[in-house]
Amino acid sequence: MQDATIRVLPTGTVNQIAAGEVVERPASVVKELVENAVDAGAGLVRVEVTSDRRQVTGVRVVDDGIGMGRADAVLAFKEHATSKIREIEDLDRLHTLGFRGEALASIASVAEVTIVTKPRDRGVIAGIRVRVRGGGEPEVAEVGAPDGTSVEVRDLFFNTPARRKFLKSLHTELAHIHGVVEKTALAHPEVAFRLLHNGRERIATHAADDLRETAGALFGTDLTRALVPAGGGNRFVRVGGFVARPSHTRADQYQIFLSVNGRPVYSAGIVRAIKEGYGTLLPANRFPVAFLALTTDQGLVDANVHPTKRQVRFTHEREVYEAVTDAVRTALHGEDLLVGEREAE
Ligand code: ADP
Ligand code: MG
């Protein structure tokens with residue numbers, strides 16, 4: 001065995017490599033933490049970002065969700081440790097955004113992560129603080145804490161300088177973070193979201209469980225006045241949400257928002273299906289404004305295509321596209337478009 005050159009990598013190294021897939025930039029950290037907060041049943045998710053003049057220096061996500069007891073707060077940092085699935089079949093009945101059990105382990109392998117948490121509804125008085133830096137041993141302490149969880153990430157990529165070099169300007173990184181909070185808020189109108197940068201509020205949505213209201217909080221009431229409800233579906237998918245009257249087109253896809261079973265996704269196929277629903281109402285080279293929430297049986301959609309879960313695969317792609325096109329077409333034709341435009345003025 002002495003001449004063996006193959007080595008099984010130590011866990012820390014494995015996690016750092018995995019982090020390369022999940023944790024690309026500060027916004028990926030925000031995405032993972034915000035998803036965990038939603039999965040924990042939070043009613044309010046507060047994202048606090050700090051930066052100096054050049055870069056993001058810290059991210060903290062605070063939720064009022066179920067929280068964790070001492071044992072779970074330590075286990076949460078272990079790779080492939082999750083409370084969300086137990087076996088592969090659970091993916092077919094998944095109702096959480098997370099399931100890979102690798103986000104916290106990955107992030108903590110390339111940053112310093114501090115969790116402060118206290119379980120809700122368990123009569124526990126003290127909270128727990130667990131800190132892990134660069135995949136090291138967890139440091140555990142009892143602390144006073146409100147119900148719920150806060151996760152703070154500092155010194156991102158301190159031990160992976162190559163990754164740090166690829167970070168873009170502060171402006172770009174902040175824009176990505178803004179986008180993540182925006183998308184998650186739109187996918188979960190039943191949850192209130194706040195985004196603060198150096199103490200200044202950038203996003204504030206309410207938990208109204210109304211996609212139109214969340215879109216209004218993000219993009220203004222001029223836009224929401226132009227939205228008409230779009231609904232429909234077939235055996236494979238339910239389509240809900242809003243599309244804007246053709247008076248509100250854009251040169252880009254920035255305000256085409258899609259979620260599938262509460263997960264914000266991008267799908268070129270669905271964007272095409274939406275455009276087809278507008279048909280000739282849409283000027284050439286313009287994009288519509290649309291906020292659509294799709295729901296399917298979990299067995300008909302696969303979110304496990306990519307570690308970041310931004311893409312999904314449908315078992316019945318064509319039928320899903322047809323349902324979207326129909327919903328959009330019906331929404332626009334059901335409206336008296338001219339009256340609508342006058343009202344919008
Ligand atoms: P996953 O979300 O895929 O399960 P993570 O590494 O993101 O993996 O989280 C690991 C576990 O830690 C979760 O399954 C959950 O039990 C717990 N956890 C993480 N964040 C929170 C939170 N904000 N509130 C309650 N529990 C959490
Ligand atoms: Mg997670």
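Side notes on the structure shown:
- Here the condition is being within 16 Å of ligand 2 (Cβ to nearest atom), acidic (Asp, Glu) and either under 19 Å from ARG60 (Cα atoms) or not assigned by TED's automatic domain parsing to the domain that holds ARG200 (or both); of GLU79, GLU102, it holds for GLU102 alone.
- Residue list for segment 175-201, restricted to those being in a helix (DSSP H, G or I) and either in contact with an Asp or Glu (Cβ under 6 Å, 6 or more places away or on another chain) or surrounded by fewer than 20 Cβ atoms within 10 Å (Cβ to Cβ) (or both): ALA175, HIS176, HIS178, GLY179
- Some residue of segment 180-193 being farther than 27 Å from HIS95 by Cβ and not hydroxyl-bearing (Ser, Thr, Tyr): no
- Checked against (1) farther than 24 Å from GLY12 by Cβ; (2) touching an Asp or Glu at 6+ places or on another chain (Cβ under 6 Å); (3) away from ligand 1 (no atom under 14 Å from the Cβ), ILE125 passes all but condition (2).
- Boolean, ARG200 is among the basic types (Lys, Arg) and over 15 Å from the mean Cα position of the chain (by Cα): yes
- Subset of segment 145-171 that is without any contact (Cβ under 8 Å) to a residue 60 or more places away in the chain and in contact with a strand residue (DSSP E or B) (Cβ under 6 Å, 6 or more places away or on another chain) - its residue that is farthest from ligand 1 (Cβ to nearest atom): ASP155
- Per the conditions (1) modelled with pLDDT of 95 or more; (2) within 13 Å of ligand 1 (Cβ to nearest atom), the sole criterion not satisfied by ARG120 is (1).
Per-residue answers, yes or no, for (1) within 23 Å of PRO138 (Cα to Cα); (2) assigned by TED's automatic domain parsing to the domain that holds SER169; (3) within 16 Å of ligand 2 (Cβ to nearest atom):
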site	(1), (2), (3)
SER28	yes, yes, yes
THR50	no, yes, no
GLN55	no, yes, no
ALA71	yes, yes, no
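The values are calculated or read from the model by the stated rules, or taken from the named source; none is laboratory data. The shown structure was predicted, so the numbers you read here are calculated from the model rather than taken from an experiment. Note: ideal-geometry Cβ built from the backbone for every residue, glycine included; neighbour counts use all protein chains shown.
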